[in-house]
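*Asks:* Please find one structure pasted underneath; my questions will follow.
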Amino acid sequence: MNFMALKQPENSLLGSESDSQRTLYPYVTGTSVVALKYKDGILMAADMGGSYGSTLRYKSVERMKPIGKHSLLGASGEISDFQEILHYLDELILYDNMWDDGNSLGPKEVHNYLTRVMYNRRNKFNPLWNSLVLGGVKNGNKYLGTVSMIGVNFEDNHVATGFGNHLARPILRQEWHENLSFEDGVKLLEKCVHVLLYRDRSAVNKLQVHIFLYTCRLHLLDKSS
């Protein structure tokens, strides 16, 4: 009898080639995302570095993407898991557009969806190793929220991920106000990003900045500071 040809039972402890694969440890990662509300919309900034362990391997990684017509997503953490999240969102937006009912998902709906996805994956002990920032404007209402890799989420006037939670949020708490103009908002973001550049070894001086107005989404700049 050829024992090598025997089929392994599905519950075999030895496993098989079809076993699910999990991200056990983040490999290529991005650092902080910082976002805030200003009087006419949303501002969000992140650097474009991708670190392989402690090595700053990639310097042109985009970690902010528009989602549908009303939302913008930024992510810290594992880049491949962020790409998986974007795949989920592409399917969500496509399904929503197929209804062709004149309505589209806003930032609050997308944020709620992401909290369910992250918490569901955490419960399966297969988390997506990302911290996410979701901002946008729909029907004149600004929205800004964040969700962690285990589904912890909240909405606020300014949010940050990674080292930004420790280094940028104190600055934002001290200087942010409701009537913040676009120019002052950009200056405040630049101040936060500069502090992160000085203090976070994973940060680079090549930035992405996006702005969301009441009327439309604009890509502001990719630049080296």
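The values are calculated or read from the model by the stated rules, or taken from the named source; none is laboratory data. A quick note: this is a predicted structure, and the numbers were derived from the prediction, not measured. Backbone-built Cβ (ideal geometry, glycine too); neighbour counts: all protein chains shown.
*Asks:* Tell me which residues, restricted to the range 201-213, are more than 18 Å from the chain's Cα centre (by Cα) and either surrounded by 14 or more Cβ atoms within 10 Å (Cβ to Cβ) or assigned to a strand (DSSP E or B) (or both).
*Replies:* ASN205, LEU213
*Asks:* Mind listing whichever residues of the range 141-193 are of a type in the set (D, E, K, R) and in contact with a Cys (Cβ under 9 Å, 6 or more places away or on another chain)?
*Replies:* Once the filter is applied, which keeps residues that are of a type in the set (D, E, K, R) and in contact with a Cys (Cβ under 9 Å, 6 or more places away or on another chain), the range 141-193 yields only ARG169.
*Asks:* Any chance you could count how many residues in the range 75-109 are farther than 21 Å from SER32 by Cβ and in contact with a His (Cβ under 8 Å, 6 or more places away or on another chain)?
*Replies:* 3
*Asks:* Examine the range 59-72 for a residue that is in contact with a Lys or Arg (Cβ under 7 Å, 6 or more places away or on another chain) and among the basic types (Lys, Arg), and state whether such a residue exists.
*Replies:* Yes: the range 59-72 contains one or more residues that are in contact with a Lys or Arg (Cβ under 7 Å, 6 or more places away or on another chain) and among the basic types (Lys, Arg).
*Asks:* Could you grab me the full set of residues in the range 145-183 that are in contact with a Phe, Trp or Tyr (Cβ under 9 Å, 6 or more places away or on another chain) and of a type in the set (Val, Ile, Thr)?
*Replies:* THR146, VAL147, ILE150, VAL152
*Asks:* So which strands (runs of 3 or more DSSP E) are wholly in the range 117-184 and hold at least 1 residues that are β-branched (Val, Ile, Thr) and within 16 Å of ALA46 (Cβ to Cβ)?
*Replies:* Hits in the range 117-184: 130-138, 141-147, 158-160.
*Asks:* Separate question: Hey, GLY140 hits all of (1) small (Gly, Ala, Ser); (2) at positive phi; (3) within 12 Å of the chain's Cα centre (by Cα) but one; which does it fall short on?
*Replies:* All conditions are met except number (3).
*Asks:* Still on this structure, I have one more. Checking LEU86 against (1) buried (at least 20 other Cβ atoms within 10 Å of the Cβ); (2) without any contact (Cβ under 8 Å) to a residue 24 or more places away in the chain, which single condition isn't satisfied?
*Replies:* If we test LEU86 against (1) buried (at least 20 other Cβ atoms within 10 Å of the Cβ); (2) without any contact (Cβ under 8 Å) to a residue 24 or more places away in the chain, just (1) comes out false.
*Asks:* Exactly one condition in (1) buried (at least 19 other Cβ atoms within 10 Å of the Cβ); (2) among the small types (Gly, Ala, Ser); (3) more than 11 Å from the chain's Cα centre (by Cα) is false for SER148; which is it?
*Replies:* Just one mismatch for SER148, condition (3).
*Asks:* Yes or no: the range 15-24 includes at least one residue that is surrounded by 11 or more Cβ atoms within 10 Å (Cβ to Cβ), at pLDDT below 90 and more than 20 Å from VAL147 (Cα to Cα).
*Replies:* yes
*Asks:* Right, another one. Examine the range 99-107 for a residue that is farther than 19 Å from ALA46 by Cβ, touching a residue at least 12 places away in the same chain (Cβ under 8 Å) and surrounded by fewer than 17 Cβ atoms within 10 Å (Cβ to Cβ), and state whether such a residue exists.
*Replies:* Yes, there is a match, as at least one residue in the range 99-107 is farther than 19 Å from ALA46 by Cβ, touching a residue at least 12 places away in the same chain (Cβ under 8 Å) and surrounded by fewer than 17 Cβ atoms within 10 Å (Cβ to Cβ).
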